[in-house]
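Step one of this worksheet: look at the structure below.
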Amino acid sequence: MTKSSAPGKIILFGEHAVVHGRPALAVPVIQVHAGVDVSDSSRAGIWIDASDINLQAELNTLPSDHPIASVVHNFLFLSRVSSFPNLEIKITSTIPVASGLGSGAAVTVALTRALASHLNYPMTDEEVNAFTYEIEKLHHGTPSGIDNTVITYAKPVYFVKGRSIEVFKVEQPFTIVIANTGISAPTKESVADVRTLWEADKVRWETVFDEIGEIVDQARKAIESEQWEMLGDLMNQNHSLLQKMTVSSPELDQLVEAARNARALGAKLSGGGRGGNMIALVEPEMAESVSSSLREAGAKNVIITQVT
Ligand code: PMV
């Protein structure tokens, strides 16, 4: 049997502007992960068992654009496996689906690595990343590629679309609280809406994207120089710009407000917005009380994670 797993991820700074060529910072979230076991099967076919999403099926009975089936089909095509092997593929995930924690990319990375190793088709991280990006494009329109990158490398990344990946070192770990609104909002739609805004007034939105890019660069410096108050302020500034871009929501704003009132150093939405997650930077000893305030303010799920 061959096993592989991949962590979740969260965007710290720069979402949306990253689609338009500005940098963004994202980090792995190891509290949640996707795991895949691949083994030879005694029954004919490629059997997929993903009980978390109630899926037990033979590959060819699934639509070819099914997120999991598309990974297997594309992998078999890529690796030029001549005759289809009989396989059992077991997929488990503790990453909530469609929650901005990168569940799709994590399943793709883990599944690709497990298949590659089981079928003796060695792949470098770069190849796994490029393959996962192609799969992300099938399901998410025009993604920047940040999710597949941070999940493949499982390290904090400073990401600029189309540039070679830059992992960055966090010398002094810091704590963030991630809270989910419980509202699922497709990233594809918020990305398309921001594009519509941009098309209607490119000068205005290019300026906003530049401001976000500037915040991202300052945030990286603040992390490297361990200036947590400044990092918190930068989160607040990034959130204001995301509000301008219409990708926040009353529920996200309420959680952001609750975190700030509970003495988080700063807070912002994270990811596609309109629903999904927000994050708050906290002193480690404040993590529990900020988490409780977030739950009281309506958060459906809260994760405390250390960025290392
Ligand atoms: O919704 P998430 O966490 O997958 O993040 C989307 C981030 C965007 O910048 C909005 C889109 C992208 O592809 O980078």
| task | Name the one entry in Leu281, Leu269 that is more than 21 Å from Lys188 (Cα to Cα) and either assigned to a strand (DSSP E or B) or within 14 Å of the ligand (Cβ to nearest atom) (or both). | result | Leu281
| task | Would you mind stating whether Glu189 is free of Cβ contacts under 8 Å to residues at least 40 places away in the same chain and either of a type in the set (D, E, K, R) or in contact with a Lys or Arg (Cβ under 8 Å, 6 or more places away or on another chain) (or both)? | result | no
| request: Quick one: Leu231 ticks every box in (1) assigned by TED's automatic domain parsing to the domain that holds Pro7; (2) within 30 Å of Ser293 (Cα to Cα) except a single one, so which number is it? | output: (1)
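Pull up region 225-259, narrow it to residues that are in a helix (DSSP H, G or I) and polar (S, T, N, Q), then point me to the one that is farthest from Glu214 (Cα to Cα). Don't jump to the end; show me each part of the working.
First, pick out the residues of region 225-259 that are in a helix (DSSP H, G or I): 228-244, 250-259.
The next check asks that each one be polar (S, T, N, Q); those that pass are 236-238, 240, 243, 254.
Values: Asn236: 14, Gln237: 11, Asn238: 10, Ser240: 14, Gln243: 17, Gln254: 26 Å.
Result: Gln254.
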| remark: Within region 10-60, of all residues that are assigned to a strand (DSSP E or B), free of Cβ contacts under 8 Å to residues at least 60 places away in the same chain and crowded, with 19+ Cβ neighbours inside 10 Å, the one nearest to the ligand (Cβ to nearest atom) is Ala50
| Selection from region 84-126 of residues that are within 16 Å of the ligand (Cβ to nearest atom), among the hydrophobic types (A, V, I, L, M, F, W, C) and crowded, with 22+ Cβ neighbours inside 10 Å | Ile95, Leu101, Ala105, Ala106, Val107, Val109
| task | Answer yes or no as to whether Ile135 is within 19 Å of the chain's Cα centre (by Cα), surrounded by 15 or more Cβ atoms within 10 Å (Cβ to Cβ) and within 12 Å of the ligand (Cβ to nearest atom). | result | no
| query | Among the residues of region 96-121, which ones are among the aliphatic types (A, V, I, L, M), at pLDDT below 95 and under 17 Å from Ile146 (Cα atoms)? | reply | Ala98, Leu101
| remark: Cβ pairs under 6 Å, 6+ apart or interchain, first in region 135-157 and among the hydrophobic types (A, V, I, L, M, F, W, C), second assigned to a loop (DSSP other than H, G, I, E, B) and crowded, with 24+ Cβ neighbours inside 10 Å, ordered by first then second residue, are Ile151/Gly102
| Which one is nearest to Asn74 (Cα to Cα) among residues in region 138-154 that are buried (at least 17 other Cβ atoms within 10 Å of the Cβ) and away from the ligand (no atom under 11 Å from the Cβ)? | Thr152
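The values are calculated or read from the model by the stated rules, or taken from the named source; none is laboratory data. Every value quoted in this text rests on a predicted model; they were computed, and no experiment measured them. So basically every Cβ, Gly included, is an ideal-geometry build from the backbone, and we count neighbours across all protein chains shown.
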